[in-house]
Amino acid sequence: MRHVARVQRIVLMEGLLGALPGAEAFLSKGAPWWFGFHMVPGLAERVLAGNESSYLDHFLAIGTVGQRGIEPTVRDAIVAAYSEPDALRCSLEYYRAMPDNAARIAAALAAARVTQPTLAISGGVVGDALAGQLGPICDDLSTAAIPDTAHIIPQEQPQRLAETIARFARDGSL
């Protein structure tokens, strides 16, 4: 939002945007347990050391329709990458930055609205929660649901995802 002239379109996918209203139904039972676990500095790194593959396999399964997981070669590359201590720590920083990011988002929105064409892409986990958050703050919001996906849309439906983004990138609508 600080660089409106440099950003022509925005695409967000299968996630939440800070603590903005609109995701209450998704969060009705609280945030997923791993948010808290991942937020504690150093804890997950210590607990997961040597067990990265089992932990990642859990998320790669629950993040896909029917818990089918992802292609073995991709899974192996992810496990290898996250088995490096700094890589695991860096991936967890996303969760540790959530409170600060929520405050930054709120501050930015207090000063301006999102004026660029914005696309909220949903799979089968977060669903319309992201669009619910974006609707009140965006001047031009489009939504797209990618069928036969759970949370890991790029792995489950890469072609449909690419086509959706390409259409939106061409003209800002679907």
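The values are calculated or read from the model by the stated rules, or taken from the named source; none is laboratory data. A quick note: this is a predicted structure, and the numbers were derived from the prediction, not measured. Positions of Cβ are generated from backbone atoms using ideal geometry, with glycine treated the same way; all protein chains shown enter the neighbour counts.
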- Message: Pairs needed: first member in the range 132-157, at positive phi; second member anywhere, assigned to a helix (DSSP H, G or I); C-beta distance under 8 Å; at least 6 residues apart or different chains.
- Response: D148/V65; D148/E156
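Yes/no per residue for (1) surrounded by 14 or more Cβ atoms within 10 Å (Cβ to Cβ); (2) of a type in the set (K, R); (3) over 16 Å from the mean Cα position of the chain (by Cα):
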position	(1), (2), (3)
A49	no, no, yes
G66	no, no, yes
V74	yes, no, yes
I105	yes, no, no
P117	yes, no, yes
A145	yes, no, no
- Task: Being in contact (Cβ under 8 Å) with a residue 40 or more places away in the chain and within 15 Å of A150 (Cα to Cα) is the filter here, so list the residues in the range 37-70 that pass it.
- Result: L60, I62, G63, T64, V65, I70
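Residue by residue, here is whether (1) among the small types (G, A, S); (2) surrounded by 14 or more Cβ atoms within 10 Å (Cβ to Cβ) holds:
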site: L12; (1), (2): no, yes
site: G15; (1), (2): yes, yes
site: A19; (1), (2): yes, yes
site: A23; (1), (2): yes, yes
site: G30; (1), (2): yes, no
site: H38; (1), (2): no, yes
site: R46; (1), (2): no, no
site: S53; (1), (2): yes, yes
site: L60; (1), (2): no, yes
- Task: Determine, yes or no, whether G124 is part of a helix (DSSP H, G or I), at pLDDT 95 or above and at negative phi.
- Result: no
- Task: Would you check if S83 is surrounded by 14 or more Cβ atoms within 10 Å (Cβ to Cβ) and in contact with a strand residue (DSSP E or B) (Cβ under 6 Å, 6 or more places away or on another chain)?
- Result: no
